[in-house]
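Structure first, commentary second.
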Amino acid sequence: MDKKHTKKSITFLNESPFDIPLPENALDNPEGLCAVGGDLSQVRLINMYQNGFFPWYSDPDPILWWHPRERCVLSPEHFHLSKSMKKHLKNTQWEIKINSSFDQVIQHCANCRLEKEGTWISEAIQTAYKRLHQSGLAHSIEVWENNSLIGGFYGVCLGQMFFGESMFSSKENASKTALYALCGHAKDLDIKLIDCQVESSHLMSLGARLINREHFCELLTEHCYKAIENPALVLADTLSLQLPIR
């Protein structure tokens, strides 16, 4: 059947963690919603990420799985470093760490969202991603000042792809600095692409771009199925990174 005429409908996931919906069946309204239900087990999360889905919902709603028609992605080498940001980096004494306080980062992200519009980073989400972190699949990139965590983000890394989930800043430019640090060390960490999920003016200003669903799925096959665990990021556990200055 021609994909243009495929009937779009929500898939209700069964108990199997290998039950994967078809991305092309995602709804146009709300755009990208593809499946409902299932669970947040490690096996299901890995399978869903490998196929381009991510969970996004708020309690008490059931788990909602999304696969947008246009995906916001960032190639590390295309990170845009503004003149003001470059000046800031040259003068900062901030320290960059990987995985030193994953639980703190995800809690800060949840609190930040709660203060703004209500959080989707529920206790269930936090528990699920902490399990992924303990298995070497979820990671935090952190910015520290005088032994205080001031910004960063967390996400899932499968193979050569980093799937960004949420970020926070308690000081201006902190989360941006964390993203810049990851991009600057991406070659050493064997990361080819960062999935930003949904477009925002902030991400686009940093060099992110939109690609269509089909292209994104091709990149998943190329970079995400070669290996589950990213050895470089696991070995970088609690590593301090130097800020790369261009």
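Just so you know, all these numbers are worked out from the coordinates, no wet-lab data involved. Worth saying up front: this structure is predicted, and the values here are computed from it rather than measured. Note that we place each Cβ from the backbone using ideal geometry, even for glycine, and neighbour counts take in every protein chain shown.
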Residue-averaged 222 nm ellipticity for the chain, from DSSP H runs of 4+ at -39500 (n - 2.57), nearest 500: -9500 deg cm²/dmol
Fewest-first sequence of 142, 24 by Cβ atoms within 10 Å of each Cβ: 24, 142
Footprinting exposure proxy for 108, 133 (fewest neighbouring C-beta atoms within 10 Å first): 133, 108
Neighbourhood net charge (12 Å Cβ-Cβ; Lys/Arg +1, Asp/Glu -1) for residue 84: +4
Kirkwood-type radius of region 3-69, with distances r between different C-alpha atoms, in Å: 11.9
Residue order, fewest to most beta carbons within 10 Å, for 192, 171: 171, 192
Residues whose placed amide H lies under 5 Å from that of residue 230, excluding near-sequence neighbours: 159
Compactness of the chain - radius of gyration and Dmax, Cα, Å: 17.7, 60
Isolated Cys residues of the chain, judged by Cβ distance under 4.7 Å to other cysteines: 34, 109, 112, 157, 183, 217, 224
